[in-house]
Every structure is written in C-alpha cells, then in structure tokens.
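We did not get these values from a lab; they are worked out from the coordinates using the rules stated. Just so we're clear, the structure is a prediction, and the values are computed from it rather than from any experiment. Here Cβ is always computed from backbone atoms with ideal geometry, including for glycine, and neighbour counts include all displayed protein chains.
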Amino acid sequence: RSQQRLSVTWTQYTRALEQHTRAVVTTTRELRSALECNDLRLYYQPKVDMNDGRLVSAEALLRWQHPERGLLPPAAFIPLAEQSQLIAPMGEWVLRQACQDMRQWQDAGLTVAPISVNISLVQFQLGSVPDIVSRALTDFGIAPHQLTLEITESVFEEHCEALKVDLNAINRMGVKLSLDDFGMGYSSLGHLNDYPFDEIKIDKSFIWQLSGRAYGQAIVKAVHAIAEAIGAQVVAEGVESAEHVEALQRLGCWIGQGFYYSRPMPASQWQIQLAGPQGTIQRPTHSS
Ligand code: C2E
Ligand code: MG
Ligand code: MG
Ligand code: MG
C-alpha cells in the first residue's frame, strides 16, 4: 500500500515537473519573440535630490508588454532570460534603447539627466559588456558620464578576475558603476574597495526599517560612512513617505528614489517631466 502511495506521488511529481518544463519552454519562446516583435519597454524612475526635489538621474527599468498577460515586471521574466541566455540580447537591447531615448531627448532640446541601466552578472559571462556599452554610446552619440551601470552585490561572490577587468575597463571609459541592493546579499565590505564603484544604493528593506528603529538607522549611517571613504555617492531606494525623507536627511543621505517622488513611468511621460520647470520632479498629488 505504501508503495502504491509512493507511485501516485511520483506520478504527480513528474506531471508537475512536465508542466513546469512546458511553461519554461513556452515563456522562453515567447520571450524570444518579444525581442523580435519589439514588445519590451523601458520605464524610467527618477533619483531625486531630497533637499530641493531636483532630478539627479533616472533608472531604466525593463517591462514586457505581453500580448495576453499584459505588462509584466522583470521578476516575471529576468530569471528565465538568464537561464536561457536570452539575457545577452535582452541586456543589449536595454542599453541601446536607453541610449536611443537619451539621444531623442537631447535632440528635442531637453536637459537630459544621466541614466542608469541594470546589468545582470550573467551578461558579463556571456559576452563583452565593455564592447557592447562602447558601441551603444558611439552609435547614439552619448557621452560616457551620462551612463551608469547598476550591478547587484552578488558581483563579489564571483571572485572572477575577468569580471574585475571588465568593470575596470568600463570605469576607464568614463561610464559610472553603481552597487545595487547593497546590504541584501554577500557580505562585501572587505571587497568594496577593490572595485571602482561611483554609487551605492541602499536596499529598500533598510529604508523601510528607518522609522524609529535604531538598527535601520545604524545601517544607513554605516553605509554612508563606507561610501564616503571610497568616494561613492549614496542613493536610498524605496523612499515611500515624507518620514523616510526626513529620517534620511537627518542621517546625511541626500539622494532618494521611490514611489514618494515617482513610480517608474514610460519614456513618453518621462519626456513631459523633463520638460518641466528645471527638471524638478512634481510629486503626484493623488495617493497612488
Ligand atoms: P532594482 O534595480 O533594485 O530596481 C528597483 C526596484 O524597486 C524596481 O522594481 C522599482 O520599481 C522598485 N521601487 C522603486 N521605488 C520603490 C518604492 O518606493 N516602493 C516599492 N515597493 N518599490 C519601489 P522593478 O521595476 O520591478 O525591478 C525589479 C528588479 O528587476 C530591479 O531591481 C532589477 O534588479 C531588475 N531589473 C529591472 N530592469 C532590468 C534590466 O533592464 N536588466 C536587468 N538585468 N535587470 C533588471
Ligand atoms: Mg537597479
Ligand atoms: Mg536596487
Ligand atoms: Mg532592489
């Protein structure tokens, strides 16, 4: 009898596995066609000087306009893109689209803030990121200092000489490097000084622990001190309220990114924002 139960579980298991595999295969196929059919979109979210609301720069965030499932966030497809190596052409598309958008804004006579683009570590393993970056900059006539690459903390897990060589090459080109989601993963304090980072982004989970909590405040203070020591600027992500802004300002942290200032918005809407008075971010008056 227990053997019978086991075989039922086994059947259920293989069926679930089959279903999962089929879903992965389908989504991967759809993702490939999304690249070909231009169904990917770049949204932009401002990084803001919290003292005066002035726009400092913006982060490009990828979305997939799926023909049936609607607008999908990166969590729904980036892991799959990494597994299937589609992240290479997809990452190149993101870089080139960001440069093309900057080109378009400049041509429209707008003052263009620097743009950050997220780069997956898998992308570094699949091709020459410095070459791809330099080609995109040249093709669209964008100055290197206008571009920042955001890389997550897992960069330190690799201990890979090739990766360090790439990051140094990117740094020498004048493109900026930002350490994303700082504090969430691998304890990286010992390695931080070995890499040419211009910016450290404190993960939103720490910002959400700020209110009245000594621990959250200590983390932000510590990251701030470390950033200062290596000459990097600090960005707080996930700024959602006036209380967050106040707490961060008290700790000497000036640059914030979050729903309090703006949700990520499509390039067309962004162009309107940029055309506003002195590039100041108008906070939405509604409470969404
Ligand atoms: P990330 O780089 O840390 O980006 C910040 C994420 O936090 C974004 O989520 C943004 O919408 C969200 N966020 C910003 N402010 C707030 C806030 O105040 N409250 C809350 N709750 N969330 C906020 P999103 O767009 O879903 O992106 C998730 C992650 O996907 C990104 O995290 C990044 O790691 C990855 N990603 C996005 N675009 C790309 C891309 O083009 N290439 C690669 N390789 N990864 C990307
Ligand atoms: Mg990022
Ligand atoms: Mg982040
Ligand atoms: Mg994050």
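At 27 angstrom or more along the helix axis (alpha-carbon based) and mean Kyte-Doolittle of -1.0 or higher, what helices does the chain contain? Whole DSSP H runs only. Passing helices, by number: 2-36, 87-107.
In square nanometres and to one decimal, what's the mean projected area of the convex hull around the Cα atoms of region 96-146?
Values: hull surface 14.0 nm².
In nm², the orientation-averaged hull projection of region 96-146 is 3.5.
Please compute P(r) over all alpha-carbon pairs of the chain, binned at 5 Å starting from zero, and give each bin as a whole-number percent. Result returned by the calculation: 1, 5, 11, 14, 16, 16, 14, 10, 6, 3, 2, 2, 1, 0, 0, 0. The relative contact order of the chain comes to 18 percent, based on Cα pairs under 8 Å that sit 6 or more residues apart.
For a protection proxy built on the mean count of beta-carbon atoms within 10 angstrom, sort 129-135, 115-121, 30-36, 87-93 highest first, please. Don't skip to the answer; put the middle values down first.
Details: 129-135: 18.3, 115-121: 22.3, 30-36: 15.9, 87-93: 20.4.
Highest-to-lowest ranking by the protection proxy: 115-121, 87-93, 129-135, 30-36.
This model, with +1 at the C-beta of Lys and Arg and -1 at the C-beta of Asp and Glu, gives the chain a dipole about its Cα centre of some 800 debye. The slack between Arg29 and Ile230, meaning 0.36 nm per residue of separation minus the straight C-alpha distance, is 68.0 nm.
Taking the average, over residues, of other Cβ atoms within 10 Å as the packing measure, peptides 14-26, 231-243 rank 231-243, 14-26 from highest down.
How charged is the neighbourhood of Val220? Take every other residue with its Cβ under 11 Å from the Cβ of Val220, and add Lys/Arg as +1 and Asp/Glu as -1. List each step's numbers first, then the result.
Values: positive: Arg213, Lys221, Arg250; negative: Asp203.
Once positives and negatives cancel, what remains is +2.
Using 0.36 nm per residue and subtracting the Cα-Cα separation, the extra length available between Val122 and Arg69 on full extension is 16.5 nm.
Kirkwood-based Rg over Rh for region 1-137 (C-alpha set), two decimals?
Ratio of gyration radius to Kirkwood radius: 1.16.
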